[in-house]
Every structure is written in C-alpha cells, then in structure tokens.
Amino acid sequence: MLKQFFIICSGADTDILEHCSKGEQNKYAGIGATVFFTAIMACIAASYALNTVFNTILPSMFFGLIWSLLIFNLDRYIVSTLKKSERFSVECIQASPRIVLAIIIAVTISKPLELKIFEKEINQVLLEKQHTLTLANKQQIATQYSPDINDLKNKIVTLNQEISEKETVVNNLYNTYIAEAEGTAGTKRLGKGPVYQEKRDKHDALLAELNQLKAKNHLKISDIESQISNLEDAFKQQLKNTQPVIDNFDGLMARISALNQLPWLPSFFIFLLFLTIETAPILAKLLSPKSAYDLKLEDAETAIKTHVKQNIYQRNLMLKTNHAMNDKIYQDIEHDATLYAYKHKKSQVIMQLQADAFYNQQKNAL
C-alpha cells in the first residue's frame, strides 16, 4: 500500500510499471518518497515562515499545507515529464529548465528552515539592530527638540546671570558703605556721616531693584522651565510612540537580513542539502540507464504518435482524392447540353423577375 502510494507520488504510469520488475518499481517508489518528503519539508518551512509574519498558528498551517501541495505537484510534474533519450546531452538540455526550477524550490524551502535553525543567533543580531535603531531614533527625535530646549536653557542662564551681576553690584555697594562706617575706606572717618548715608541710600535703591529683578526673572524662569518640561514630555512621548515599531522589528524580511549577516557557510550547506533532496529524483533519472519502464512508456507513446500520424495522412489523402474526383465531375458536367438548357431557362426567369422588380420600384418612386 505504501509502495503504491509512493509510486503514484513519482508520477509514473502505474499500468506500465505493474509489468516491470520489482527493482524498477522500487526505484520509482524511492523517487516518489523523495517527492513526498520534500513536500512535507515545504509544509513545515512555509508554516514557520508564515507564522513569523502573521503570528497565528492555524492560518499559517493552512497556507503551509497549500504551499506543500503546490511544491508536491511541481516536483511530481518535473519528475514525470523527464523522459529518457538515446543521447545524454539531449536529456541534460531537457532537464535544465527543471533543474533551475528545482533550485528555486530548494531556496524557498531551505530559507525558512534556516531561520528556525539559527533562530537564537538571529535574535541576537535583531537585538543589536533594535538597540542601534533605538539610539538612532532617540538622536533623530532629539534633533527636533534639543535646539528649542537648549535655547530655553540659555535664556535661563542669561536671566540668572543678570541677577548675579546685579547682586555683585549690590554687594560691592554694601561693602563700600560698611567700610565708610568703619572708617576703613572712603573718607576714613568712623561713624555714619553724610557720605555713609549717601552710599547706604544708593545700596538700598539697587537692592530694591535687585529684588524686583529677582521676582521678574524668577517668573520668567518658571515659565521657561514649564516650556522645557513640556518639550521634554513631548520628547518622551514621541519616543514611547515610536519604540513599539522598533520593538516589532523582527518580521520575515528583518530575519532574512539578519541571517545574511551570519557566517554564510552553515546556511550554504543547508541549502545544498535541500538542493540535493530536490534534484535527487531528476539526477537519478538522468544517471540511470534506459530501463524497461522507459522502453515500454516510449513504445506506448510512439504507438499513439504513429496512429495519429497515420490518421492525419489518410485524411489528407482522402481530401486530395475527393478534390481530384470533384474536378473531373464538374469538367464532365460543363459540356452537358441538357443541364445547359435547363440552367439557361432558369436564368431567363430570374432576369425577368429582376426587370419586373426594377420597374415596380421606379414606378413607386414617381
């Protein structure tokens, strides 16, 4: 039962193969088993690849099954249409398009399985890529907000600098009038005289201005700090909004790109493995000698081809004979007097009817 199923998978003619040897049947059963298990691998590979894209198991398995049936049908067609010939070069030319198709199928099957086999290494590459993208995204967003934030911070520095400069002047005046009172500077007279009072009044006036400046600048600084806080919140919010896109950077194309960054040799050997599996039935038929099955299949196809050619030739010959007979018959009729008189009479009646119809038409027009 299993052997018969694999023979059907090989695309061989079961009626012809029944009359061949057991070895011939086993050969085609092996070819069919290769086709069948290649389709199984295609189902697994496609299901994993689609699950990477859609993150759902059942739809991925369903479309993976459809893909495996397509691969199974293509492989079965490739093997069944490869015919043995008298010359090996003709067979190679005949098989070359099928080998190209087999290579394409091997790539489509092997690539998703490579993604699964090297999943841990690919995850590491993707993690590094996500970190790089996170930093690049942060820098890119920072270029939108940093100039405004820096300008506002510079304004705060300027406002604080105005207060510091004013405080320096007030402190100098304070030291001046204290030194005047102590008699260590200015008039060198101890006590609070007119000069002391003048300097004290000037200090008090500047101190009042300083307090006003502080109040005014502190209000401005509070407003600027509020603006800076809003910009920083907007910066953090934009980072939060864009980060999920980077965190989800693990789709099929991203994984294939990460796989290409890994050493190529392991992936190449996996590809060679599937290429060998995919081309094994074709190579087996190319390298094997012309067997009894091939001869019987060629005999059946040649018999049908010969029968069709014979029928076409007979129909062409019959048509040619009929043409010759019809030409001779009409040549004999051409000189028949009775037929001439009959046709002359009928033509005369037709011309009379045409003349009457023309006369009636002209009469009605008038």
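In this structure, does P147 turn out to be part of a helix (DSSP H, G or I), without any contact (Cβ under 8 Å) to a residue 24 or more places away in the chain and either surrounded by 13 or more Cβ atoms within 10 Å (Cβ to Cβ) or outside the structural domain of T34 (by TED's automatic domain parsing) (or both)? I'd like the intermediate steps shown before the answer.
Numbers: part of a helix (DSSP H, G or I): yes; without any contact (Cβ under 8 Å) to a residue 24 or more places away in the chain: yes; either surrounded by 13 or more Cβ atoms within 10 Å (Cβ to Cβ) or outside the structural domain of T34 (by TED's automatic domain parsing) (or both): yes.
Yes, satisfied.
Checked against (1) under 25 Å from the mean Cα position of the chain (by Cα); (2) of a type outside the set (S, T, N, Q); (3) buried (at least 18 other Cβ atoms within 10 Å of the Cβ), V107 meets all criteria but (3). Looking for something modelled with pLDDT under 80, of a type in the set (F, W, Y) and under 19 Å from the mean Cα position of the chain (by Cα) - is there at least one such residue anywhere in the stretch 42-51? Yes, the stretch 42-51 contains at least one residue that is modelled with pLDDT under 80, of a type in the set (F, W, Y) and under 19 Å from the mean Cα position of the chain (by Cα). Please indicate, with yes or no, whether at least one residue in the stretch 74-87 is surrounded by fewer than 21 Cβ atoms within 10 Å (Cβ to Cβ) and more than 30 Å from K296 (Cα to Cα). No: the stretch 74-87 contains no residue that is surrounded by fewer than 21 Cβ atoms within 10 Å (Cβ to Cβ) and more than 30 Å from K296 (Cα to Cα).
Could you tell me whether E114 is acidic (D, E) and either buried (at least 16 other Cβ atoms within 10 Å of the Cβ) or under 15 Å from L252 (Cβ atoms) (or both)?
Details: acidic (D, E): yes; either buried (at least 16 other Cβ atoms within 10 Å of the Cβ) or under 15 Å from L252 (Cβ atoms) (or both): yes.
Yes: the conditions hold for E114.
Determine whether E278 is over 15 Å from F118 (Cα atoms) and either touching a Lys or Arg at 6+ places or on another chain (Cβ under 8 Å) or exposed (fewer than 15 other Cβ atoms within 10 Å of the Cβ) (or both).
On the way: over 15 Å from F118 (Cα atoms): yes; either touching a Lys or Arg at 6+ places or on another chain (Cβ under 8 Å) or exposed (fewer than 15 other Cβ atoms within 10 Å of the Cβ) (or both): no.
Considered against the rule, which asks whether it is over 15 Å from F118 (Cα atoms) and either touching a Lys or Arg at 6+ places or on another chain (Cβ under 8 Å) or exposed (fewer than 15 other Cβ atoms within 10 Å of the Cβ) (or both), E278 comes out as no.
Residues that are surrounded by fewer than 19 Cβ atoms within 10 Å (Cβ to Cβ) and either of a type in the set (A, V, I, L, M, F, W, C) or modelled with pLDDT of 75 or more (or both) were ranked within the stretch 90-102; the one that is nearest to the chain's Cα centre (by Cα) is L101.
For A29, are the conditions met, namely being small (G, A, S) and in contact with an Asp or Glu (Cβ under 6 Å, 6 or more places away or on another chain)?
On the way: small (G, A, S): yes; in contact with an Asp or Glu (Cβ under 6 Å, 6 or more places away or on another chain): no.
Considered against the rule, which asks whether it is small (G, A, S) and in contact with an Asp or Glu (Cβ under 6 Å, 6 or more places away or on another chain), A29 comes out as no.
Which of the following residues is surrounded by 15 or more Cβ atoms within 10 Å (Cβ to Cβ), more than 22 Å from D247 (Cβ to Cβ) and modelled with pLDDT of 85 or more: K129, K214, K155? Steps first, answer last, please.
Numbers: K129 fails: more than 22 Å from D247 (Cβ to Cβ); K214 fails: modelled with pLDDT of 85 or more.
Checking each option against the conditions leaves just K155.
The values are calculated or read from the model by the stated rules, or taken from the named source; none is laboratory data. In this text, all values refer to a predicted model and were calculated from it rather than measured experimentally. All Cβ positions, glycine included, derive from the backbone under ideal geometry; neighbour counts span all protein chains shown.
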